[in-house]
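The values are calculated or read from the model by the stated rules, or taken from the named source; none is laboratory data. Since the structure is predicted, the reported quantities are computational estimates derived from the model, not experimental observations. Cβ placement follows ideal geometry from the backbone for every residue including glycine, while neighbour counts extend to all protein chains displayed.
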Amino acid sequence: MNDRTQHEHILVVEDEAEIAGYLRRGLAFEGYNVEVAGDGPSALQAARERPPHLIILDVMLPGMDGLEVCRRLRAGSDVPIIMLTARDAVPDRVVGLESGADDYLIKPFAFEELLARIRALLRRRAAVNEPTILRCGPLTLNAASREVFLGNRQIELTAKEYDLMELFLRHQGQVLTRDVIYDRVWGYDFGGESNIIEVYVRYLRQKLEAGGHPRMLHTVRGAGYILKPPSDPQEA
Ligand code: CA
């Protein structure tokens, strides 16, 4: 439902058609591209031909079980894997994680819980691949040290201001909606009535525009906010 999930491809490995269909519909509704494989060999083939961003893997599969599928996947890939298991026994959980899974869920599970695990794994993966130094016009952000500079001058930001600044820099030139900002910076929904984003945008502007620097953080009426370098021709 937002820019993060649009192109992310999830492979669901589940032989029970009802559960597979439920996962396919739910994940597609959330904006993921979903492929379903009904057994181990077709899962391995699908993962090879169209490498997914994440795999949801049921342990109980006909023929080759999920643990074996997981081991074989791990031989050539570090794709995040969430195991589904109907068995609540502790040894099974341990075996699941030892086989190389990143996480597991016990059936039956709440769909929201699965979504939360998926997002956490995809976010963690994305963070590993994201650049450390981000630039936009005179603005430089070092994601390793969490420092922000305007020209040569360091800007002091609070933790939330920094998170918001990093989000804008990672998506510069792109309108960020309030929903996306809430989700990424605050991690939950304020219910739409809060003006916390407006307040934080104002703080950032005050710091970015101190000393007469031109505006970079713009309001897009009815849509959200966008960060652009001051030299952007559309603003000239
Ligand atoms: Ca199954």
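Just the residues that are touching a residue at least 60 places away in the same chain (Cβ under 8 Å) and more than 15 Å from R205 (Cβ to Cβ), please, taken from the range 130-170. Passing the criteria: none in range.
Among the residues of the range 64-84, those that are within 16 Å of the ligand (Cβ to nearest atom) and touching an Asp or Glu at 6+ places or on another chain (Cβ under 6 Å) comprise G66, I81, I82, L84.
For the range 48-58, state whether one or more residues are assigned by TED's automatic domain parsing to the domain that holds A17, more than 16 Å from E8 (Cα to Cα) and within 15 Å of the ligand (Cβ to nearest atom). Checking the range 48-58: at least one residue is assigned by TED's automatic domain parsing to the domain that holds A17, more than 16 Å from E8 (Cα to Cα) and within 15 Å of the ligand (Cβ to nearest atom). Filtered by the rule that a residue be small (G, A, S), modelled with pLDDT of 85 or more and within 20 Å of E16 (Cα to Cα), the range 78-112 gives a lone residue, A110.
Would you confirm whether any residue within the range 110-120 is farther than 29 Å from R184 by Cβ, within 16 Å of the ligand (Cβ to nearest atom), in contact with a strand residue (DSSP E or B) (Cβ under 7 Å, 6 or more places away or on another chain) and of a type outside the set (K, R)? Checked against the condition, which is being farther than 29 Å from R184 by Cβ, within 16 Å of the ligand (Cβ to nearest atom), in contact with a strand residue (DSSP E or B) (Cβ under 7 Å, 6 or more places away or on another chain) and of a type outside the set (K, R), the range 110-120 yields no hits at all.
The C-beta contact set for the range 50-62 (first residue under 17 Å from G21 (Cβ atoms), second residue in a strand (DSSP E or B) and away from the ligand (no atom under 16 Å from the Cβ), distance under 9 angstrom, 6+ apart or interchain) comprises I56/I10. F149 fulfils the conditions (1) under 15 Å from I133 (Cβ atoms); (2) surrounded by 15 or more Cβ atoms within 10 Å (Cβ to Cβ); (3) more than 18 Å from the chain's Cα centre (by Cα) except for a single criterion, (2).
Taking the conditions (1) farther than 28 Å from L115 by Cβ; (2) over 24 Å from the mean Cα position of the chain (by Cα) in turn, C136 satisfies each one other than (2). If you go through the range 4-21 and pick out every residue that is out of contact with any helix residue (DSSP H, G or I) (no Cβ under 7 Å at 6 or more places or on another chain) and either within 11 Å of the ligand (Cβ to nearest atom) or modelled with pLDDT under 95 (or both), you end up with 11.
Does the range 102-112 hold any residues that are touching a helix residue (DSSP H, G or I) at 6+ places or on another chain (Cβ under 7 Å) and part of a strand (DSSP E or B), and which are they?
If the condition is that a residue be touching a helix residue (DSSP H, G or I) at 6+ places or on another chain (Cβ under 7 Å) and part of a strand (DSSP E or B), then D103, Y104, L105 are the ones that fit.
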